[in-house]
Structures are given as C-alpha cells and as structure tokens.
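Presented below is the structure to which this report refers.
The values are calculated or read from the model by the stated rules, or taken from the named source; none is laboratory data. What you see is a predicted model; the values in this text were computed from it and never measured. FYI the Cβ positions are ideal-geometry reconstructions off the backbone, even for glycines, and counts take in every protein chain you see.
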Amino acid sequence: MSEKKPAAASASRVTVPRLLRMKQSGERIAMVTAYDATFARMIDEGGADILLVGDSLGMVVQGLDTTLPVTVDEVVYHCRAVSRGARRAMIVGDMPFLSAQITPEEALRNAGRFLAEGGAHAVKLEGGKSVAPVIRRLVEAGVPVMGHVGLLPQSVHAMGGFRVQGKTEDAAARILDDALAVAEAGAFAVVLEGVPSDLAARVTAELPVPTIGIGAGPDCDGQVLVCYDLLGLTPDLKPKFVKRYAEQYAEGRDAVARYCDEVRSGAFPSVEHGFGNVKREESAEPVADAPARAGYGPQA
Ligand code: KIV
C-alpha cells in the first residue's frame, strides 16, 4: 500500500461531506485528541482535520486507570474549551461509558449537549451492532456520529484488558459486521482501534465511509493519536502503535528545572521582566499605565 495522497489543508471548517469526499479521493484524514483551548489551537494550526475530545481525558488529564468514570458533564466542559481554540478542524465529542447505552432517548439528550453546550460538530460512540439503533436515532435527529469498533476501552473489563481484537476468523468477522452495521446505521466515519492490519484494510475496503485507525496499521483512511502520546507527554507509557513526534515531557520538566534554579539563584526575574520603579503620586487613584492582558495581569 498505498497511493493515498497527502491532504492539502484548506482554511474552511472540515465537515462531514468533506470527510466523505476525502475517502473517495484517497486523501488521508488526520485526527488528534485535544482537551483544552491551547492544545486545540496548536493541533488545529498543525493541520489536524478532526479534534477528538476523547474520554481518554480520564487517563491523560485526570490520571485515571480507565476511561470508565468520565462523565458527560466533563466531556462537555472540555468540548467547550476545545471549540474556543480550534477554527478549522471538526470537533468530535466522545460519548462516555453508559451515556448512550441506556435508551436511545437518553443518548440523544446527552449527544445534544455536546453540540448545543460544547460547540462540538459530532459525537463518537463505542460499539458495533448493539449501538446501531442509537446511531440511527442520533443521525435522524441531526447529530453526526462517528462509530468506534475493535478494541473498545469502555469495555476493558469485558475484554480482559486493553488487548488487540479480531485475531481469530470469528472475531474478525464480528468486527467487520460491527463496522458495516455502524456505517449502515448512518455513522459518517468509524474508528478502528487495536485490530490486525489486514482486518483494518478489509474493513476500509468494504466501508463506504472513512475508517480512522489507531493501532490498526497503515491502510485505514485516516489515523488518530492521543495528543499526549504524539507529543511525548506520557513518560511511563509507550504503546507499540504510538509514534512520538516530540519529547515535550522531558522538555517541559527541564524548562521547569531551569526556572526553579533561576528563581533560587535570583537570576529570574531580571530587570527586563519588571515594570521599573515609579514615582508614587499622593493620590489614592490606581495608576492606569499597565493594561491587563487577557486575564494574565499587567503587560509592559
Ligand atoms: O478517547 C479517545 O481518545 C479515543 C481514541 C483513542 C480513539 O477514543
């Protein structure tokens, strides 16, 4: 593989029809997770087509061992922050554990919050055939849905850990059926997580909508990585499927160490970081020569 062309990032917002055209023309889709406005801006400017406000935030932001305790309120909160930072990328809010499985009506109410309160453009939902009726309900109501099959982090206990799925013929056939059911129900794209590359290639060839792989080999229509993994912010974790494009944990730690040294030695702050000395007026009026900068206090 493969003759897929690199995408030329255009400035207008990425939409569902654009993603479908990308599949048809063989342009690959780049998706990255984001959880706050600053990272969203950086990843958006870096050219990602989709920002996923993943429930992985439970692990990388909240320090949990699984994604299960993450709530709808928390994902909506992070969607709001991400939507303030991104201009071009589509924003997808991840539906947390059991937020879509109780009833389709409850799923719709929860999904609606990601769009109406969080500023997201779509939601992602883990599961195959069993969630197809929910996907249908959301899509009918105007909520674009991204599916997610293969390794399902919300089913970590049922799967016996974060393990590659689809290794036997039966398991592979079930994953293909799940992906087809999800697409048939109206999903505009499907994440394929933790499956053998040949299975991902087969699903990608059979699905009319884009597949976005993570630990699914090179033949999907797009790829997704957790931004903390991509940027090297997870020092204790380096799964086989992750490629680190930076070592920002080490860089950040070393920068903080230099700052601490300079505070302790008195090298920081130096004259250029201060506002000089002013001659005090007799009046009790505040001195108005230091305008506030976006909530961060005075600037020069
Ligand atoms: O929550 C998440 O970040 C995800 C991706 C890894 C696909 O679901």
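For the reader, a short list of remarks on this structure follows.
- When 24, 62 are screened for being exposed (fewer than 15 other Cβ atoms within 10 Å of the Cβ), assigned to a helix (DSSP H, G or I) and at pLDDT 95 or above, only 24 passes.
- In the range 219-228, residue nearest to the ligand (Cβ to nearest atom) [restricted to those that are touching a residue at least 40 places away in the same chain (Cβ under 8 Å) and within 16 Å of residue 176 (Cα to Cα)]: 221
- Residue 217 meets each of the listed conditions (1) over 16 Å from residue 239 (Cα atoms); (2) touching a helix residue (DSSP H, G or I) at 6+ places or on another chain (Cβ under 8 Å); (3) not in a strand (DSSP E or B) apart from (1).
- Scanning the range 140-154 for residues that are within 15 Å of the ligand (Cβ to nearest atom) and among the β-branched types (Val, Ile, Thr), we see that the one that is nearest to residue 211 (Cα to Cα) is 149.
- Within the range 116-133, being touching a residue at least 40 places away in the same chain (Cβ under 8 Å), in a helix (DSSP H, G or I) and more than 16 Å from the ligand (Cβ to nearest atom) holds for 129, 132, 133.
- All conditions but one from (1) assigned to a loop (DSSP other than H, G, I, E, B); (2) within 16 Å of the ligand (Cβ to nearest atom); (3) modelled with pLDDT of 95 or more apply to residue 52; the one that does not is (1).
- Unmet criterion (only one of (1) crowded, with 16+ Cβ neighbours inside 10 Å; (2) within 19 Å of residue 220 (Cα to Cα)) for residue 17: (1)
- Candidate set from the range 73-113 (those that are within 14 Å of the ligand (Cβ to nearest atom) and part of a helix (DSSP H, G or I)); member that is nearest to residue 134 (Cα to Cα): 75
- Boolean, residue 255 is assigned to a helix (DSSP H, G or I) and closer than 25 Å to residue 18 by Cα: no
- Any hit, the range 155-169, residues being within 21 Å of the chain's Cα centre (by Cα), under 21 Å from residue 17 (Cα atoms) and either more than 14 Å from the ligand (Cβ to nearest atom) or not in a helix (DSSP H, G or I) (or both): no
- Residue count, the range 172-218 (criterion: closer than 21 Å to residue 50 by Cα and within 13 Å of the ligand (Cβ to nearest atom)): 12
- Scan the range 170-185 for residues that are surrounded by fewer than 19 Cβ atoms within 10 Å (Cβ to Cβ) and more than 10 Å from residue 199 (Cβ to Cβ) and the total you get is 4.
- First in the range 180-205 and on the phi > 0 side of the Ramachandran plot, second anywhere and among the β-branched types (Val, Ile, Thr), Cβ under 9 Å, 6 or more apart: 186/135; 186/139; 186/145; 194/164; 194/214
- Residue in the range 104-111 that is hydrophobic (A, V, I, L, M, F, W, C) and within 25 Å of residue 220 (Cβ to Cβ) present: yes
- Within the range 230-269, tally of residues that are farther than 21 Å from residue 61 by Cβ and modelled with pLDDT of 95 or more: 15
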